[in-house]
Amino acid sequence: MIFVYLLSGLFLGWSLGANDTGNIFGAAVETRMLKFKSAALIAAIFIALGAILEGSGPSGTLGKLGSVDALGGAFTVALAAAATITVIVRTGIPVSTSQTIVGAIIGWNYFSHRLTDFRSLLTIASSWVSAFLLAGLIAAGLYYIFRDRVNRSKVHLLEQDFYTRLGLIVIGAFGAYSLGANNIANVVGVFVPVTPFKDLNIGGLFVLSGVMQLYILGTLSIIIGIYTYSHKVMRTVGKDLFQLSPLTALIALLSEAIVLFMFSSRGLYNLLHSLHLPTIPLVPVSSSQVIVGAIVGIGLAKGGKNIRYNILGKISIAWVAAPVIAFFFSFVALFIIQNVFEQTVNMEMSYVFDRVTITEIERQGYDTKHFSMVNGRSFENEITLFNELKEQSSFNHEELLDIIRVTEVHTMIVDTEILQKKGMTGRFSAEQWKALDELDGRKYRHKWQLAEDLANFPCWQISVDKTNPIEKNRNHDINANLDTLYRSFYLPKKPK
Amino acid sequence: MPLILKTTRFIEAQLDTFLDIVSDSAMTFQLAMDDYLQGRLEQFEERLTQMRDNEHRADDLRVSIERFLYERTLIPENRGDVLAILENTDEVIDNMKDSLTQFSIEMPEIPSELNDLWMQTTKASVAAVEQLVYAVRSFFRDLAAVNNYIHKVYFFEHEADNIGEKLRRLIFSMDIELSHKSQLRFFAIHIEKISDYAQAVCDRLSIYTIKRQL
């Protein structure tokens, strides 16, 4: 069965390869600076390197995908996302893969009666506009700088061609590397704990672990996507929307790299903060929206006459449509998988209001006098609980989510061996490992109990100073690591 | 980096050599014309041989550059333009060579009163070709300067036309056979045409320059 499940991950990998590589190399291929075969080869090599060397790290999207707690559910969510991406890529329109996956996950949330974090929806909607506009502004700025420099420079046309080509290859390779590192987790991440592959001893030289084999398979699926289907997206990005020249293609690619870096680099964030300069918020942005924004920015800087607005219109509609389609695909597919194929698509959750949780809620500073109606009760459905609490108390949305988090039953057993098997050794500091070793074998019923025990060690302590960006970053890292522990140590109660 | 740029630098050198040949040919043409008018016919024939040799070398270089640009898919955006420039500039050399060959075949008798205007027309046409070489070199290295040289090409072409017209008027005002007049007119027009070819290359070059500007 696991192999069937794995197929949807590989399908997602294939669609990612077709869509995202088009964003990176489309401009270079369509301006004939790189042959399609060369671009595909560079992309394949660097995606593989990124996936294998850095792919064990999580992506923001994997974190969200990880909340899909049953393998059948993860299979269906990945299938819905991949199908949506394929449908849109068939029309040649570049689409945000992460946003499509999030759309599919929200479909799972609705199907499984889980609460949806509407802030991520807001982030998606705002990044449709902000990433696009910012990329356009940066590309237009770069265009004016390049125009001034190139028209005045005395570099030979052939040398200029050489440097442009080199730039397109280097930035493209870097983009492919990041694509591999960030997205391999989307493709096979959910299958890591249940990898069906056994360790392979290659000629007595080295051992290829089961997880590594899974990553290689995922990488292969992305590479097949590049070779078989990325050409259409490349054409839209490099030619159909606006006829790029090699230099403007380089400007577009450079703008894409800058915007993606600005919004994802915590190092830059810390540097700006330490220099007392205004910081850039760390928001996930889509490479599709950024590259299209950059091309439109260049087109407008050149007078705006040659932009094909009908294609831009189609792209914009597809961006909004992708998460919505993924939502419906996911919802319908989950229904079919659960009821026709009788597969488990979600785990049963429970929320209890007992002495332990009520005491913790009080400790967190919430007044529990409104909880008389729920006290001693247990809930199976997050949405029902949320609505009941909302009726009985005056807490706001965020406070209610905090309370629900305390009551969530999430049985875990600390087992550091699991983390080692999953190849997560590098994710934790030496002190954090020491702390985990000390708790090895302990059982917990709630997530906050594990977090509380770990907080006895300074390396796991969440800082109360939420205004200091450095501390905020550190808190973010600790919370991400805690999420990994919650998922890794989880002991599923009973399938639905 | 110099190692990676080896092919690029090699083609750059070939392009420079090609333009050097065009420039050399223009000067050779002027010297050959002077030799002819001064009656140094043996030296004139040597210049013609030199011109033929230049034409062959220019053709070989042009073909070699074309092959390199296509085989290595260099400057995909400007490849067609560069090849058109090279082909048209090559035609200027062909034209100068054809003109000298025609002199060698027909050996027209040029009355000495025409010498001054004949040389002035020649010099104006040769100056147009020399400015064309500067313009093409700038197209590759210094885009901002191209229009300046194109302007000069237009100036010398206009000059060649004006002096050429004076020359033809003088030819037809002379007391010689009509057939002789007709023959001299043919040669005078041939010399003027050299600057016309240079101008035609510049017409294209000015469009390519706009295209190359970011």
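For (1) out of contact with any helix residue (DSSP H, G or I) (no Cβ under 8 Å at 6 or more places or on another chain); (2) β-branched (Val, Ile, Thr); (3) not assigned by TED's automatic domain parsing to the domain that holds A:Asn109, each residue gets a yes or a no:
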{"residue": "A:Thr344", "(1), (2), (3)": "no, yes, yes"}
{"residue": "A:Arg377", "(1), (2), (3)": "yes, no, yes"}
{"residue": "A:Thr384", "(1), (2), (3)": "yes, yes, yes"}
{"residue": "A:Leu389", "(1), (2), (3)": "no, no, yes"}
{"residue": "A:Glu399", "(1), (2), (3)": "yes, no, yes"}
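Are there any pairs with C-beta distances below 7 angstrom linking a residue in segment A:168-191 that is under 13 Å from A:Trp14 (Cα atoms) to a residue that is part of a helix (DSSP H, G or I) and among the aromatic types (Phe, Trp, Tyr), with the two at least 6 apart or on different chains, and if so which?
Listed pairs, sorted by first residue: A:Gly180/A:Phe46; A:Ile184/A:Tyr215; A:Val188/A:Tyr215.
Note down all Cβ pairs under 7 Å where the first residue falls in segment A:295-319 and is touching a residue at least 40 places away in the same chain (Cβ under 8 Å) and in a helix (DSSP H, G or I), the second is acidic (Asp, Glu) and surrounded by 11 or more Cβ atoms within 10 Å (Cβ to Cβ), and they're at least six residues apart or on different chains.
What qualifies is A:Ile311/A:Asp240.
Looking only at segment B:11-31, count every residue that is in contact (Cβ under 8 Å) with a residue 12 or more places away in the chain, over 24 Å from B:Asp196 (Cβ atoms) and surrounded by fewer than 17 Cβ atoms within 10 Å (Cβ to Cβ) and tell me the total.
Total satisfying the criteria: 3.
Condition test on A:Gln289, is it surrounded by fewer than 18 Cβ atoms within 10 Å (Cβ to Cβ), out of contact with any strand residue (DSSP E or B) (no Cβ under 7 Å at 6 or more places or on another chain) and either within 30 Å of A:Tyr163 (Cβ to Cβ) or not assigned by TED's automatic domain parsing to the domain that holds A:Arg90 (or both)?
Numbers: surrounded by fewer than 18 Cβ atoms within 10 Å (Cβ to Cβ): no; out of contact with any strand residue (DSSP E or B) (no Cβ under 7 Å at 6 or more places or on another chain): yes; either within 30 Å of A:Tyr163 (Cβ to Cβ) or not assigned by TED's automatic domain parsing to the domain that holds A:Arg90 (or both): yes.
So A:Gln289 does not fit the description; no.
Say we look at segment A:122-166 and pick out the residues that are aromatic (Phe, Trp, Tyr) and under 30 Å from A:Ser98 (Cα atoms); which of these is farthest from the other protein chains (Cβ to nearest Cβ)? Show your work before the answer.
Filtering segment A:122-166 down to residues aromatic (Phe, Trp, Tyr) leaves A:128, A:132, A:143-144, A:146, A:162-163.
With under 30 Å from A:Ser98 (Cα atoms) added as a condition, the list becomes A:128, A:132, A:143.
Details: A:Trp128: 29, A:Phe132: 23, A:Tyr143: 7 Å.
The extreme case among them is A:Trp128.
Of all the residues that make up segment A:113-145, how many are over 20 Å from A:Ala322 (Cβ atoms), crowded, with 19+ Cβ neighbours inside 10 Å and of a type in the set (Phe, Trp, Tyr)?
Residues of segment A:113-145 that are over 20 Å from A:Ala322 (Cβ atoms), as a first pass: A:113-115, A:134, A:136-145.
This time we only want the ones that are crowded, with 19+ Cβ neighbours inside 10 Å, so: A:114, A:134, A:136, A:138-140, A:142-143.
Among the residues that remain, those that are also of a type in the set (Phe, Trp, Tyr) are: A:143.
Total satisfying the criteria: 1.
Yes/no matrix, rows are residues, columns are (1) surrounded by fewer than 24 Cβ atoms within 10 Å (Cβ to Cβ); (2) in the same structural domain as A:Pro246 (by TED's automatic domain parsing); (3) at pLDDT below 90:
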| position | (1), (2), (3) |
| --- | --- |
| A:Arg32 | yes, yes, yes |
| A:Leu53 | yes, yes, yes |
| A:Thr61 | yes, yes, yes |
| A:Ala82 | no, yes, no |
| A:Ile101 | no, yes, yes |
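Scan segment A:39-50 and tell me whether some residue there is within 14 Å of another protein chain (Cβ to nearest Cβ), modelled with pLDDT of 90 or more and assigned to a helix (DSSP H, G or I).
Residues of segment A:39-50 within 14 Å of another protein chain (Cβ to nearest Cβ): A:39.
Restricting the remaining residues to those that are modelled with pLDDT of 90 or more gives A:39.
Checking which are assigned to a helix (DSSP H, G or I) leaves us with A:39.
Scanning segment A:39-50 turns up at least one residue that is within 14 Å of another protein chain (Cβ to nearest Cβ), modelled with pLDDT of 90 or more and assigned to a helix (DSSP H, G or I).
Give the residue, chosen from B:Ile93, B:Ile75, that is touching a residue at least 40 places away in the same chain (Cβ under 8 Å) and surrounded by 15 or more Cβ atoms within 10 Å (Cβ to Cβ).
So the residue among B:Ile93, B:Ile75 that is touching a residue at least 40 places away in the same chain (Cβ under 8 Å) and surrounded by 15 or more Cβ atoms within 10 Å (Cβ to Cβ) is B:Ile93.
Filter segment A:216-245 down to the residues that are surrounded by 17 or more Cβ atoms within 10 Å (Cβ to Cβ) and not in a helix (DSSP H, G or I) and list them by number.
Once the filter is applied, which keeps residues that are surrounded by 17 or more Cβ atoms within 10 Å (Cβ to Cβ) and not in a helix (DSSP H, G or I), segment A:216-245 yields A:Ser230, A:Leu241, A:Phe242, A:Leu244, A:Ser245.
Of the residues B:Arg62, B:Arg52, B:Arg67, which single one is assigned to a helix (DSSP H, G or I), within 16 Å of the chain's Cα centre (by Cα) and within 17 Å of B:Thr8 (Cα to Cα)? Break it down stepwise before answering.
On the way: B:Arg52 fails: within 17 Å of B:Thr8 (Cα to Cα); B:Arg67 fails: within 16 Å of the chain's Cα centre (by Cα).
Just a single option satisfies the conditions, and that option is B:Arg62.
Rundown of residues vs (1) within 14 Å of another protein chain (Cβ to nearest Cβ); (2) not polar (S, T, N, Q), yes/no style:
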site	(1), (2)
B:Glu66	yes, yes
B:Gly80	yes, yes
B:Thr89	no, no
B:Thr101	no, no
B:Val129	no, yes
B:Val136	yes, yes
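Working only within segment A:231-256, note down all residues that are more than 13 Å from chain B (Cβ to nearest Cβ) and of a type in the set (D, E, K, R).
A:Lys232, A:Arg235, A:Asp240, A:Glu256
Within segment A:147-166, can one find any residue that is in contact with a strand residue (DSSP E or B) (Cβ under 8 Å, 6 or more places away or on another chain) and either more than 22 Å from A:Ile315 (Cβ to Cβ) or outside the structural domain of A:Val285 (by TED's automatic domain parsing) (or both)? Please lay out each step first, then the result.
Going through segment A:147-166, the residues in contact with a strand residue (DSSP E or B) (Cβ under 8 Å, 6 or more places away or on another chain) turn out to be none.
There is no residue in segment A:147-166 that is in contact with a strand residue (DSSP E or B) (Cβ under 8 Å, 6 or more places away or on another chain) and either more than 22 Å from A:Ile315 (Cβ to Cβ) or outside the structural domain of A:Val285 (by TED's automatic domain parsing) (or both).
Conditions tested, residue by residue: (1) under 26 Å from the mean Cα position of the chain (by Cα); (2) of a type outside the set (S, T, N, Q); (3) within 29 Å of A:Val95 (Cβ to Cβ).
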{"position": "A:Val324", "(1), (2), (3)": "yes, yes, yes"}
{"position": "A:Phe331", "(1), (2), (3)": "yes, yes, yes"}
{"position": "A:Val340", "(1), (2), (3)": "no, yes, yes"}
{"position": "A:Met347", "(1), (2), (3)": "yes, yes, no"}
{"position": "A:Ile358", "(1), (2), (3)": "no, yes, no"}
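Would you point out the residue of segment B:187-214, among those that are free of Cβ contacts under 8 Å to residues at least 24 places away in the same chain and away from chain A (no Cβ under 14 Å), that is farthest from B:Gly80 (Cα to Cα)? Before you say what the answer is, go through the steps one by one.
Initial filter on segment B:187-214 (free of Cβ contacts under 8 Å to residues at least 24 places away in the same chain): B:203, B:207, B:210, B:214.
Filter once more, keeping what is away from chain A (no Cβ under 14 Å): B:203, B:207.
Values: B:Asp203: 15, B:Ile207: 13 Å.
Ranking the qualifying residues of segment B:187-214, first place goes to B:Asp203.
Regarding segment A:200-213, can at least one residue be identified that is more than 17 Å from A:Lys421 (Cβ to Cβ) and within 14 Å of chain B (Cβ to nearest Cβ)?
No, because not a single residue in segment A:200-213 is more than 17 Å from A:Lys421 (Cβ to Cβ) and within 14 Å of chain B (Cβ to nearest Cβ).
Can you tell me which of (1) under 30 Å from B:Glu109 (Cα atoms); (2) within 14 Å of chain A (Cβ to nearest Cβ) is the one B:Arg169 doesn't meet?
(2)
Among the listed residues A:Phe395, A:Phe386, A:Phe341, A:Phe371, identify the single one that is surrounded by 15 or more Cβ atoms within 10 Å (Cβ to Cβ), modelled with pLDDT under 90 and in a loop (DSSP other than H, G, I, E, B). Lay out the reasoning, then the answer.
Values: A:Phe386 fails: in a loop (DSSP other than H, G, I, E, B); A:Phe341 fails: surrounded by 15 or more Cβ atoms within 10 Å (Cβ to Cβ); A:Phe371 fails: in a loop (DSSP other than H, G, I, E, B).
After applying the criteria, what remains is A:Phe395.
Of a type in the set (Asp, Glu) and more than 24 Å from B:Met119 (Cα to Cα), is that true of B:Asp59? Before the answer, list the steps.
On the way: of a type in the set (Asp, Glu): yes; more than 24 Å from B:Met119 (Cα to Cα): yes.
Against the criterion (of a type in the set (Asp, Glu) and more than 24 Å from B:Met119 (Cα to Cα)), B:Asp59 qualifies.
Identify, from the list A:Asp437, A:Asp453, the residue that is out of contact with any Cys (no Cβ under 9 Å at 6 or more places or on another chain), loosely packed, with under 14 Cβ neighbours inside 10 Å, at pLDDT 90 or above and not assigned by TED's automatic domain parsing to the domain that holds A:Glu360. Let's see the steps before the verdict.
Numbers: A:Asp453 fails: loosely packed, with under 14 Cβ neighbours inside 10 Å.
Unique residue meeting the criteria: A:Asp437.
Count, please, the residues in segment A:156-215 that happen to be farther than 30 Å from B:Ala145 by Cα and assigned to a helix (DSSP H, G or I). So that I can check it myself, show each step before the final result.
To start, the set of residues in segment A:156-215 that are farther than 30 Å from B:Ala145 by Cα comprises A:169-215.
Going one step further and asking which of them are assigned to a helix (DSSP H, G or I), we end up with A:169-194, A:210-215.
Qualifying residue count for the region: 32.
The values are calculated or read from the model by the stated rules, or taken from the named source; none is laboratory data. Nothing here was measured: the structure is a model prediction, and the numbers come from that model. So basically every Cβ, Gly included, is an ideal-geometry build from the backbone, and we count neighbours across all protein chains shown.
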